[in-house]
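A short worksheet on the structure shown next.
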Amino acid sequence: MTRGASGEDAYDASPFVPAGADLDALRDAAAGCHGCPLHRNASQTVFGAGDASARVLLVGEQPGDQEDRKGHPFVGPAGGVLDRALAEAGIDPGGTYVTNAVKHFKFEPAARGKRRIHKAPSLREISACKPWLLEELRLVAPEVVVALGASAGKALLGSGFRVGRDRGVPLALPAGMGEGALVATIHPSAVLRADEAGRAEMYGGLVADLRVAGRLLG
């Protein structure tokens, strides 16, 4: 499906989501999503990946620079932190499904050079992309969903979500998102951004929150 500027300005991916599709068909359809203007500058859509019957589904913010280039979620430095933290928390990274609240990389060019500087997605962009996330939740039907950071939390719990207040506490998934539980924590990129003095503490908090998620699996 192709859309003009009016379709992009509607900020709604739902016209691009095929009814009754499986994950492979959704991934193919998402490659052509023009539900908001973010697709214009991104290299490609970065859809979710992993175990299609995973007990744990992890939701991040948006693809980063490396994810945008490679077409897979969490393959950059933050993905390495996440995999280590999951393993330390007793959750097999290979048995999870990982995705993002927003499927296109939002960035601005650096003043000099070719670097692309990450920009957080707006609530409007998060809302536009939500139909894809809802379908992933429906098809994977995880027992536990982990929201990684503020954008993921807002996609799942609404604009009132606050990481500092809501992290590490088991919650019920909102209506229409499945029967599983939800646990929020920081995004692993926050560990990378922390100074040396605070990095170990932030990483320890991430692992502790993931252990809460792991305990919900029984």
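The values are calculated or read from the model by the stated rules, or taken from the named source; none is laboratory data. Since the structure is predicted, the reported quantities are computational estimates derived from the model, not experimental observations. Glycine gets a Cβ as well: all are built from the backbone with ideal geometry, and neighbour counts include every protein chain shown. Just the protein is used for accessible areas: all its heavy atoms, side chains included, with ligands, DNA and RNA removed. Shrake-Rupley method; radii C 1.70, N 1.55, O 1.52, S 1.80 Å.
How many residues are of a type outside the set (S, T, Y) and open to solvent by less than 20 Å² (accessible area, probe 1.4 Å) if we restrict to the range 73-100?
11
Of the residues in the range 176-197, how many are of a type in the set (G, A, S) and out of contact with any helix residue (DSSP H, G or I) (no Cβ under 9 Å at 6 or more places or on another chain)?
Adding up the residues that qualify gives 1.
In the range 112-165, how many are surrounded by fewer than 18 Cβ atoms within 10 Å (Cβ to Cβ) and assigned to a strand (DSSP E or B)?
2
Please enumerate the residues belonging to the range 196-218 that are assigned to a helix (DSSP H, G or I) and farther than 15 Å from L58 by Cα.
E196, A197, G198, R199, A200, E201, M202, Y203, G204, G205, A208, R215, listed by residue number.
Return the only residue of G178, G204 being open to solvent by less than 50 Å² (accessible area, probe 1.4 Å) and touching a residue at least 40 places away in the same chain (Cβ under 8 Å).
G178
Here is a list: K70, K103. Which entry is out of contact with any strand residue (DSSP E or B) (no Cβ under 7 Å at 6 or more places or on another chain), crowded, with 23+ Cβ neighbours inside 10 Å and farther than 22 Å from L210 by Cα?
None of the others qualify; the one that does is K103.
Go through the range 120-165 residue by residue and tally those that are touching a helix residue (DSSP H, G or I) at 6+ places or on another chain (Cβ under 8 Å), in contact (Cβ under 8 Å) with a residue 24 or more places away in the chain and more than 18 Å from P63 (Cα to Cα).
So the count comes out to 7.
Do we find that A52 is surrounded by fewer than 21 Cβ atoms within 10 Å (Cβ to Cβ) and touching a Leu at 6+ places or on another chain (Cβ under 6 Å) in this structure?
The answer is yes for A52.
Does G168 satisfy being surrounded by 11 or more Cβ atoms within 10 Å (Cβ to Cβ) and either touching a residue at least 12 places away in the same chain (Cβ under 8 Å) or under 16 Å from A89 (Cβ atoms) (or both)? Write out each step before concluding.
On the way: surrounded by 11 or more Cβ atoms within 10 Å (Cβ to Cβ): yes; either touching a residue at least 12 places away in the same chain (Cβ under 8 Å) or under 16 Å from A89 (Cβ atoms) (or both): yes.
Spelling it out, G168 is indeed surrounded by 11 or more Cβ atoms within 10 Å (Cβ to Cβ) and either touching a residue at least 12 places away in the same chain (Cβ under 8 Å) or under 16 Å from A89 (Cβ atoms) (or both).
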